[in-house]
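Colleague: One structure, as structure tokens, below. Some questions next.
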Amino acid sequence: MFGIWTKDKNGDPWAKHLIKASEIRIQRRGKIKADANPFLPEWAEYFEQRKKLKEAPAQYRRTRRELWKKQGGICPVCGGEIEQDMLTEIHHILPKHKGGTDDLDNLVLIHTNCHKQVHSRDGQHSRFLLKEGL
């Protein structure tokens with residue numbers, strides 16, 4: 001192990017050594033879409049979503065992956081395919097303020113635009129999703 005002996009503010013000696021590459025945790029990064037430009041307003045939502053995912057705890061990312069598998073990669077609102085790099089939201093079928101939980105049975109993964117439509121209709125879609133058993 002490579003290092004040096006140095007002194008702290010109180011004059012006490014301590015060893016300062018180089019970090020081994022094996023001590024550094026691997027961090028995976030998702031690819032950015034080729035056309036994405038952070039300086040154009042039409043891409044603002046895309047980069048905001050990427051930022052949220054980067055800062056999200058591992059449990060949130062795991063939940064998103066489990067929901068995607070459970071739904072077969074299909075959005076239950078529009079029936080369209082959900083791809084890995086698409087903007088998506090986790091939606092509560094029965095809202096938490098009405099007694100809903102964070103269990104996978106009460107959650108669905110939907111496109112961000114579909115999520116906006118669901119909430120703009122005063123929950124009418126939420127009741128539909130609940131009836132369908134998703």
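The values are calculated or read from the model by the stated rules, or taken from the named source; none is laboratory data. Please read all numbers here as calculations on a predicted model, not as lab measurements. Ligands, DNA and RNA are stripped out before the accessible areas are found, and what is left, the full protein with its side chains, is counted by its heavy atoms. Shrake-Rupley method; radii C 1.70, N 1.55, O 1.52, S 1.80 Å.
Colleague: Could you point to the label whose value was computed as Cα Rg over 2.2 N^0.38 Å for the structure here, given (1) 1.57; (2) 0.99; (3) 1.47?
Modeller: From the options (1) 1.57; (2) 0.99; (3) 1.47, the structure gives (1).
Colleague: What translational diffusion coefficient, to the nearest whole µm²/s, does segment 1-59 have by Stokes-Einstein, given a Kirkwood radius computed over alpha-carbon pairs, a temperature of 25 °C and 0.890 mPa s viscosity? Write out the running numbers ahead of the final one.
Modeller: Working: Rh = 16.0 Å.
Estimated via Stokes-Einstein, D reaches 154 µm²/s.
Colleague: Please report, as a whole percent, how much of the solvent-accessible surface of the chain comes from carbon and sulfur atoms (probe radius 1.4 Å). Intermediate results must be reported in sequence, preceding the final value.
Modeller: Numbers: 5690 of 10590 Å².
Ligands and nucleic acids excluded, carbon and sulfur give 54 percent.
Colleague: Okay, moving on. For segment 40-90, go through all pairs of different Cα atoms, get the mean of 1/r, take its inverse, and jot down that Kirkwood value in Å. Don't jump to the answer; show the numbers that get you there.
Modeller: Details: mean 1/r = 0.0838 Å⁻¹.
11.9 Å is the Kirkwood radius here.
Colleague: Name the residue, out of Ile32, Ile110, Ile74, whose mean-square fluctuation peaks in a Gaussian network model built on the chain with Cα pairs under 10 Å.
Modeller: Residue with maximal mean-square fluctuation among Ile32, Ile110, Ile74: Ile32.
Colleague: Any of Lys51/Lys116; Lys33/Lys116; Lys52/Lys116; Lys31/Lys51; Lys20/Lys54; Lys31/Lys54 with alpha carbons more than 21 Å apart? Name them for me. Present the calculation step by step, with values, prior to reporting the outcome.
Modeller: Numbers: Lys51/Lys116 19 Å; Lys33/Lys116 23 Å; Lys52/Lys116 17 Å; Lys31/Lys51 13 Å; Lys20/Lys54 25 Å; Lys31/Lys54 12 Å.
Distance filter (> 21 Å) returns Lys33/Lys116; Lys20/Lys54.
Colleague: What is the antiparallel percent of DSSP beta bridges lying wholly in the chain, to the nearest 5? Before the final figure, lay out the partial values.
Modeller: Working: 11 of 11 bridges.
Once the DSSP bridges in the chain are tallied, antiparallel ones form about 100 percent.
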